């Protein structure tokens with residue numbers, strides 16, 4: 001099966017990314033609508049954070065500040081459940097964080113769609129593809145950084161609001177493999193730049 | 001660019017149109033037009049050979065070197 005041009009692997013991937021793009025857009029719409037619906041439903045919410053701990057030394061958690069609802073630890077699953085109040089501030093914050101992370105996914109899908117469209121036209125070395133691959137690389141690069149910052153911030157928030165009477169730590173680590181993938185994509189973008197120059201020179205060689 | 005392509009001069013001397021030259025040489029009209037306008041970056045020897053054969057001329061009749069002059073002030 002040919003890889004570029006009409007009826008190629010690239011055109012199949014183009015179709016897949018198009019479907020994925022629309023599915024992601026619909027998903028964002030549904031999540032946003034659900035978030036707004038939650039405000040009116042006034043249901044109790046629970047925030048789940050993965051934790052690692054020593055069950056032998058575990059004691060009950062007590063809230064440091066008055067008015068902070070007490071969380072509970074599911075020892076079997078290793079998840080800390082924190083009940084949170086359903087209000088504009090909470091829902092808004094959660095929605096913004098979700099949109100920040102999901103916008104990276106949308107960006108990557110959109111750029112991939114355009115890239116595979118150019119591959120299907122048998123034009124892989126377009127100038128715009130260089131920028132697209134670099135953007136995908138930057139998005140992939142920023143995800144582990146944002147995730148690490150979010151987890152570290154959450155850890156500090158929980159440590160500040162609860163008294164940990166046991167050796168209890170929030171589970172988070174830095175995703176070096178995703179970081180490396182982002183760096184590799186940025187290098188690939190430069191290779192595409194070289195390819196574009198060679199392609200242009202070849203087109204202008206009579 | 002210091003290399004000037006005088007293809008149109010040779011075509012006028014031989015009274016040949018671009019279309020006719022394109023057909024006889026076997027190059028697309030757009031490529032021949034790029035060559036004629038001096039926008040080409042390179043030309044293959046095989047292409048040059050065919051053009052010279054069709055126009056019955058030497059490579060020097062089609063290609064000219066004109067160094068770029070820089071004004072000193």
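The values are calculated or read from the model by the stated rules, or taken from the named source; none is laboratory data. Quick caveat: nothing in here was measured; it's all calculated off a predicted structure. Here the Cβ is made from the backbone with ideal geometry for all residues, glycine too, and neighbour counts use every protein chain on show.
Number of residues in the stretch B:39-53 that are more than 8 Å from chain A (Cβ to nearest Cβ) and buried (at least 18 other Cβ atoms within 10 Å of the Cβ) equals 1. Kindly establish whether residue A:201 is free of Cβ contacts under 8 Å to residues at least 12 places away in the same chain, outside any helix (DSSP H, G or I) and more than 21 Å from residue A:98 (Cα to Cα). No; evaluated as a whole, the condition is false for this residue. When you check residue A:150 against the structure, is it in contact with a helix residue (DSSP H, G or I) (Cβ under 9 Å, 6 or more places away or on another chain), exposed (fewer than 13 other Cβ atoms within 10 Å of the Cβ) and either within 14 Å of chain B (Cβ to nearest Cβ) or closer than 26 Å to residue A:102 by Cα (or both), yes or no? Spelling it out, it is not the case that residue A:150 is in contact with a helix residue (DSSP H, G or I) (Cβ under 9 Å, 6 or more places away or on another chain), exposed (fewer than 13 other Cβ atoms within 10 Å of the Cβ) and either within 14 Å of chain B (Cβ to nearest Cβ) or closer than 26 Å to residue A:102 by Cα (or both).
Residue under question is residue B:60, and the condition is that it be within 14 Å of another protein chain (Cβ to nearest Cβ) and either over 26 Å from residue A:200 (Cα atoms) or modelled with pLDDT under 90 (or both); does it hold? Taking the combined requirement at face value, the residue does not satisfy it. Among the candidates A:195, A:137, the residue that is touching a helix residue (DSSP H, G or I) at 6+ places or on another chain (Cβ under 7 Å), surrounded by 14 or more Cβ atoms within 10 Å (Cβ to Cβ) and either farther than 27 Å from residue A:48 by Cβ or within 14 Å of chain B (Cβ to nearest Cβ) (or both) is uniquely A:137. With respect to the conditions (1) farther than 30 Å from residue A:93 by Cβ; (2) at pLDDT below 90, residue A:129 lacks only one, and its number is (2). The set of residues in the stretch A:172-182 being assigned to a helix (DSSP H, G or I) and exposed (fewer than 13 other Cβ atoms within 10 Å of the Cβ) consists of A:176, A:177. Scanning the stretch B:23-38 for residues that are in a loop (DSSP other than H, G, I, E, B) and either over 9 Å from the mean Cα position of the chain (by Cα) or surrounded by 12 or more Cβ atoms within 10 Å (Cβ to Cβ) (or both), we see that the one that is nearest to the other protein chains (Cβ to nearest Cβ) is B:27.
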